[in-house]
Ligand code: SF4
Ligand code: SF4
């Protein structure tokens, strides 16, 4: 192959490679169709439904939850991220004592997002939230009480 043919072939293959990159880069740079990175916090990120941000307790519009205080989640958690503080409550109808949740404490800073607590819960009281705004200078803020103030157990939910 002559000297000039080699130069021409080298330039040709260089442009072949660049055209592959260019065909991908320019349309996507304009439409951002396949772009999954973003300029956070200026741009809101795309959060998928399955994203595990933190464990939360579901409450209905009457401030009722489904947590019976059974401690199954606390026992299932491999690293002690959950602490259940429970109390006795008197059933006004039967006069009998019943175990009830006082505080469902969740240490987000220790949580490895393994889902074992959620799988262990017999009443589907806890679930994943996609909230990821956890940056803080105070670690204490990462310890949360999942049952809302004044909330109570939803009627019909049994251990
Ligand atoms: S997700 Fe895993 S580590 Fe986190 S609180 Fe539940 S069981 Fe514990
Ligand atoms: S969240 Fe579920 S497993 Fe944990 S104490 Fe409440 S009812 Fe029991």
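Before we move on, is residue 114 out of contact with any strand residue (DSSP E or B) (no Cβ under 9 Å at 6 or more places or on another chain) and either within 8 Å of ligand 1 (Cβ to nearest atom) or under 21 Å from residue 151 (Cβ atoms) (or both)? For residue 114, the condition - out of contact with any strand residue (DSSP E or B) (no Cβ under 9 Å at 6 or more places or on another chain) and either within 8 Å of ligand 1 (Cβ to nearest atom) or under 21 Å from residue 151 (Cβ atoms) (or both) - is met. Restricting the range 130-159 to residues that are in a loop (DSSP other than H, G, I, E, B) and within 16 Å of ligand 1 (Cβ to nearest atom) leaves a set whose member that is farthest from the chain's Cα centre (by Cα) is 147.
One residue stands out in the range 61-91 among those that are within 16 Å of ligand 1 (Cβ to nearest atom) and part of a strand (DSSP E or B): the one that is farthest from the chain's Cα centre (by Cα), namely 85.
If you scan the range 117-126, which residues turn out to be within 11 Å of ligand 1 (Cβ to nearest atom) and either loosely packed, with under 12 Cβ neighbours inside 10 Å or not in a loop (DSSP other than H, G, I, E, B) (or both)?
Those that are within 11 Å of ligand 1 (Cβ to nearest atom) and either loosely packed, with under 12 Cβ neighbours inside 10 Å or not in a loop (DSSP other than H, G, I, E, B) (or both): 117, 118, 119, 120, 126.
Does residue 98 meet the test of being in contact with a strand residue (DSSP E or B) (Cβ under 6 Å, 6 or more places away or on another chain), free of Cβ contacts under 8 Å to residues at least 12 places away in the same chain and either surrounded by 10 or more Cβ atoms within 10 Å (Cβ to Cβ) or in the same structural domain as residue 149 (by TED's automatic domain parsing) (or both)? The answer is yes for residue 98.
Taken as a whole, the structure leaves residue 95 outside the set of residues that are farther than 17 Å from residue 64 by Cα, away from ligand 2 (no atom under 16 Å from the Cβ) and assigned to a helix (DSSP H, G or I). When every residue of the range 48-60 is checked against the conditions, at least one turns out to be assigned to a loop (DSSP other than H, G, I, E, B), surrounded by 12 or more Cβ atoms within 10 Å (Cβ to Cβ) and within 14 Å of ligand 2 (Cβ to nearest atom). Screening the candidates 69, 80 for the property of being on the phi > 0 side of the Ramachandran plot, within 16 Å of ligand 2 (Cβ to nearest atom), in the same structural domain as residue 149 (by TED's automatic domain parsing) and surrounded by 13 or more Cβ atoms within 10 Å (Cβ to Cβ) yields one hit, 69.
The values are calculated or read from the model by the stated rules, or taken from the named source; none is laboratory data. All values derive from a computational prediction rather than experimental measurement. Counting neighbours? That spans all protein chains shown, and the Cβs are built from the backbone with ideal geometry, glycine included.
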